[in-house]
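Trainee: One structure coming up, written as structure tokens, with questions to follow.
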Amino acid sequence: MMNNNWLKSVYSDGSKWFVSNPLPKKGEKITIALQLQEDTPVTSVFLKTKLNGVEYLFKMEKVTDKELLSKNTAKGLIRYETSVQVFEKELRYQFYLGTKDCVYYYSENGITTYTQNEAYDFRILTDYQQPEWVKNAVFYQIFPDRFCNGNPDNDVKDNEYIFDGYPAKQVKEWDSVPEPYEKAHCLDFYGGDLEGIKQKIPYLKKLGVTALYLNPIFYGATVHKYDCLDYFQVDPHFGGDKALAELCTELHKNGMKIILDVSINHTGIACKWFNRDGTFFPKTQGAFNNPDSPEREFYFFKDDNSYKAWFDVTTLPTLNYTSEKLRNRLYRDSDSLVKKWLKAPYCTDGWRFDVADTMARNNELQLHHQVWPEIRKSIKEENPQAYILAEDWSDCTDFLNGDEWDSAMNYIGSLRPIRQFFGENDILNMRKDELRNIKYKMTAKDLSGRICGFLNRLPFAIRQVQFNLLGSHDYPRLHNNPEVSKDAYIGAVIMNFTLPGCANLYYGDEAEIDGTAPAMEGCRYPMPWKKDIESTDAYKMYSNLIKIKTTSPAFCDGGFKVLWDEGYVFAFARFTPEEVYLTVCSSDKNESQVILPVDIFGSDFATMKLPEKDVLGNSLDGEIKNGNLHLKVPAEKSYLIKLSLN
């Protein structure tokens, strides 16, 4: 008897389960597969693509080799394959499924009965250098000054210097609440440093994180250090270059990666290249006071010595990428900024670029798509596995084609839609009174549209390394929002950890760290080391999710499929032939009933008994029958359910 779920069972992606080599070289012949349930009305399957601009339909053959099927395809599913030789930058394709009465068209955007456009084609990149370690990584983001003071001898002292008219201040009590910007001016130093991070490696390793992302550590005047003084020197208050080398060595010994953060869109006014006030360097040095300075061309100066600044913040002069010398210093030369810190003795594992969305974009001078491929080339020459992470809060798919960024900070595909689904307003709407006060409860269909509308336009190899986050040094912590319930927060964390890509944990979230909104100081509280962190509910939840994320094949190379987006319940699967993880998240104020097809992953999943509890220990009220999981979901409850053949 034919199963009515068969259309839902049609699936392919760019992973190793469906592509013989997901990272092919130009000229290589690859085999592409599609799977669906047995006993369907399908009589023929074709792969539609373009070669040299011309449309082709390649007939796909049904796989009969039982050994091959046993490796790549679950019981109860059939598999079709065809081979294509790839010569261009990327291979884009769809599938055509013929039945007696209809042709179905399958792309990343799903199945239709009409010919689809190419916007949602499956996409395989050629010659893409994927940082494969990122696929199931869990990053731990650290704001260094607020994490751990490992060496009080290098602390900033009261009035040690005056910056932009305000004195530096040493915070004497580690657990004190950060002062607002209007009072502290980002010059309130707690004393966190790189030695402190190194001392906490056992804590981080026990938590299970696999990589660190450090906010800027280069010589800077402020707490955040995005107003860099010298790109080629680690801030002495963080321990200097030696402390970074020691930290990197120790992290690598413990199997952990590290990426550094830098802004190459602008420097600070006190940077030795600019040096407006002579605060840290003599005024004979730098572009502002010396029109003949070699660094003068690094900036946009007018005849009256005024200069272009990022968003007109006068302390952050914008860098000018028409300067070839600037490009050499930042990324081309063998001892350039990006290469220096990738080399020994540091051997860092990648870069996070601040305000990358605006970098090299200055009205009539739009150089970004010229500069970013050059930066990528320089980084990959030094370390082919280096991760290139860029700050962009919006839809940035035009940078995610394999020749510029590996990922953006995935605000657009994780933080923004997830936080809106669980009760907050979207950040862009919050900037306008007319939009801020409109009360609308985001539906599961809305959430699905936002997440899939982003993911489905990415090449699969890029999708695998997206940097998913719920908060950062620039955004209030979700658990500090009194309008968001604990259950809603748990759901948000589960979703963030199980979407395609890696996951980021902002320091202290696992400790239920205090904080306020909306000021940035509110998400930069000192790490509460006096607390019994490991006894908190948050620590237990994060450590469990980290273990699953970093060890389960479904979250490294597994498929992704939305199963339910009705009302206010969103559910999707991450899966391989041997295991299926079901993420079920509700923002509904009432109990819901969901029906999730599980036979589409293989007949054995349709006959197994539902576990009594999910992987986080929550009791489940439901059963698997007739190929579907019937599940009762209490108000605002979320689950991560594992179905395994092993």
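The values are calculated or read from the model by the stated rules, or taken from the named source; none is laboratory data. What you are looking at is a predicted structure, and each value in this text was computed from that prediction instead of being measured. Using ideal geometry, Cβ is built from the backbone for each residue, glycine included, and neighbour counts are taken over all protein chains shown. We work out accessible area using only protein heavy atoms, side chains counted, and drop any ligands, DNA or RNA first. Shrake-Rupley method; radii C 1.70, N 1.55, O 1.52, S 1.80 Å.
Trainee: Tell me whether region 375-397 contains one or more residues that are more than 24 Å from L455 (Cα to Cα), at pLDDT 95 or above, part of a strand (DSSP E or B) and open to solvent by 60 Å² or more (accessible area, probe 1.4 Å).
Mentor: no
Trainee: For the subset of region 587-599 comprising residues that are under 30 Å from R419 (Cβ atoms) and open to solvent by less than 40 Å² (accessible area, probe 1.4 Å), which member is nearest to the chain's Cα centre (by Cα)?
Mentor: S587
Trainee: Let me ask something additional. Looking at region 289-321 only, could you name the residues that are of a type outside the set (S, T, Y), open to solvent by less than 50 Å² (accessible area, probe 1.4 Å) and not in a loop (DSSP other than H, G, I, E, B)?
Mentor: R296, F298, F301, A309, P317, L319
Trainee: Note down all Cβ pairs under 6 Å where the first residue falls in region 591-608 and is at positive phi, the second is at pLDDT 95 or above and in a strand (DSSP E or B), and they're at least six residues apart or on different chains.
Mentor: Every condition considered, the pairs that remain are G602/L77.
Trainee: Which members of region 64-73 meet the condition of being open to solvent by less than 100 Å² (accessible area, probe 1.4 Å) and among the acidic types (D, E)?
Mentor: Scanning region 64-73 gives a single hit, D65.
Trainee: Here is a check on your reading of the model: is Y190 touching a Lys or Arg at 6+ places or on another chain (Cβ under 7 Å) and aromatic (F, W, Y)?
Mentor: yes
Trainee: Yes or no: region 32-39 includes at least one residue that is surrounded by fewer than 16 Cβ atoms within 10 Å (Cβ to Cβ) and either under 30 Å from L596 (Cβ atoms) or more than 31 Å from the chain's Cα centre (by Cα) (or both).
Mentor: yes
Trainee: Confirm whether E61 is open to solvent by 40 Å² or more (accessible area, probe 1.4 Å), touching a residue at least 12 places away in the same chain (Cβ under 8 Å), of a type in the set (D, E) and more than 30 Å from S644 (Cβ to Cβ).
Mentor: Judged against the criteria, E61 is a match.
Trainee: Are any residues in region 47-58 closer than 17 Å to Y104 by Cα, in contact (Cβ under 8 Å) with a residue 40 or more places away in the chain and of a type outside the set (A, V, I, L, M), and if so, which ones?
Mentor: Matches in region 47-58: K48, T49.
Trainee: Just to be sure before I move on: is T576 open to solvent by 30 Å² or more (accessible area, probe 1.4 Å) and under 25 Å from F601 (Cα atoms) in the structure I sent?
Mentor: No; evaluated as a whole, the condition is false for this residue.
Trainee: Looking only at region 72-100, which residues are more than 30 Å from N401 (Cβ to Cβ) and either out of contact with any Pro (no Cβ under 8 Å at 6 or more places or on another chain) or part of a strand (DSSP E or B) (or both)?
Mentor: K75, G76, L77, I78, G98
Trainee: Of all residues in region 418-434, which are surrounded by fewer than 24 Cβ atoms within 10 Å (Cβ to Cβ) and assigned to a helix (DSSP H, G or I)?
Mentor: If the condition is that a residue be surrounded by fewer than 24 Cβ atoms within 10 Å (Cβ to Cβ) and assigned to a helix (DSSP H, G or I), then Q420, N429, M430, R431, D433, E434 are the ones that fit.
Trainee: Continuing with the same structure: In region 267-279, is there at least one residue being in contact with a helix residue (DSSP H, G or I) (Cβ under 9 Å, 6 or more places away or on another chain) and touching a residue at least 40 places away in the same chain (Cβ under 8 Å)?
Mentor: Among the residues of region 267-279, at least one is in contact with a helix residue (DSSP H, G or I) (Cβ under 9 Å, 6 or more places away or on another chain) and touching a residue at least 40 places away in the same chain (Cβ under 8 Å), which makes the answer yes.
Trainee: Exactly one condition in (1) within 24 Å of G208 (Cα to Cα); (2) free of Cβ contacts under 8 Å to residues at least 40 places away in the same chain; (3) out of contact with any Phe, Trp or Tyr (no Cβ under 8 Å at 6 or more places or on another chain); (4) not hydroxyl-bearing (S, T, Y) is false for N496; which is it?
Mentor: With respect to (1) within 24 Å of G208 (Cα to Cα); (2) free of Cβ contacts under 8 Å to residues at least 40 places away in the same chain; (3) out of contact with any Phe, Trp or Tyr (no Cβ under 8 Å at 6 or more places or on another chain); (4) not hydroxyl-bearing (S, T, Y), N496 is out only on (2).
Trainee: Further question: Scanning region 331-364 for residues that are of a type in the set (A, V, I, L, M, F, W, C) and part of a loop (DSSP other than H, G, I, E, B), which turns out farthest from W405 (Cα to Cα)?
Mentor: Per the stated criteria, the residue is A344.
Trainee: What tally of residues in region 322-356 results from selecting those that are over 16 Å from H266 (Cβ atoms), among the hydroxyl-bearing types (S, T, Y) and open to solvent by 10 Å² or more (accessible area, probe 1.4 Å)?
Mentor: So the count comes out to 2.
Trainee: Then there is this: Kindly check whether there is at least one residue in region 112-134 that is touching a strand residue (DSSP E or B) at 6+ places or on another chain (Cβ under 7 Å), more than 22 Å from A554 (Cβ to Cβ), in a strand (DSSP E or B) and open to solvent by 60 Å² or more (accessible area, probe 1.4 Å).
Mentor: no
Trainee: Related question: Being in contact with a Gly (Cβ under 6 Å, 6 or more places away or on another chain) and within 30 Å of A184 (Cβ to Cβ) narrows it down to one residue among T576, T536, T516; which is it?
Mentor: T516
Trainee: Another question about this same structure. Does N21 satisfy the condition of being open to solvent by 20 Å² or more (accessible area, probe 1.4 Å), free of Cβ contacts under 8 Å to residues at least 40 places away in the same chain and farther than 21 Å from G559 by Cβ?
Mentor: The answer is no for N21.
Trainee: Could you list, in sequence order, the residues of region 475-517 that are β-branched (V, I, T), under 23 Å from R574 (Cβ atoms) and open to solvent by 10 Å² or more (accessible area, probe 1.4 Å)?
Mentor: Across region 475-517, the qualifying residue is only I490.
Trainee: I've got another one for you. Quick check on this structure: which one of L260, L326, L316 is within 30 Å of L505 (Cα to Cα), touching a strand residue (DSSP E or B) at 6+ places or on another chain (Cβ under 8 Å) and modelled with pLDDT of 95 or more?
Mentor: After ruling out the rest, the residue left standing is L260.
Trainee: Among the numbered conditions (1) in a loop (DSSP other than H, G, I, E, B); (2) in contact (Cβ under 8 Å) with a residue 40 or more places away in the chain, tell me where T31 comes up short.
Mentor: (1)
Trainee: Please go through region 439-474 and pick out each residue that is open to solvent by 10 Å² or more (accessible area, probe 1.4 Å), in a loop (DSSP other than H, G, I, E, B), in contact (Cβ under 8 Å) with a residue 12 or more places away in the chain and not basic (K, R).
Mentor: If the condition is that a residue be open to solvent by 10 Å² or more (accessible area, probe 1.4 Å), in a loop (DSSP other than H, G, I, E, B), in contact (Cβ under 8 Å) with a residue 12 or more places away in the chain and not basic (K, R), then T443, N456, Q464, L470, D474 are the ones that fit.
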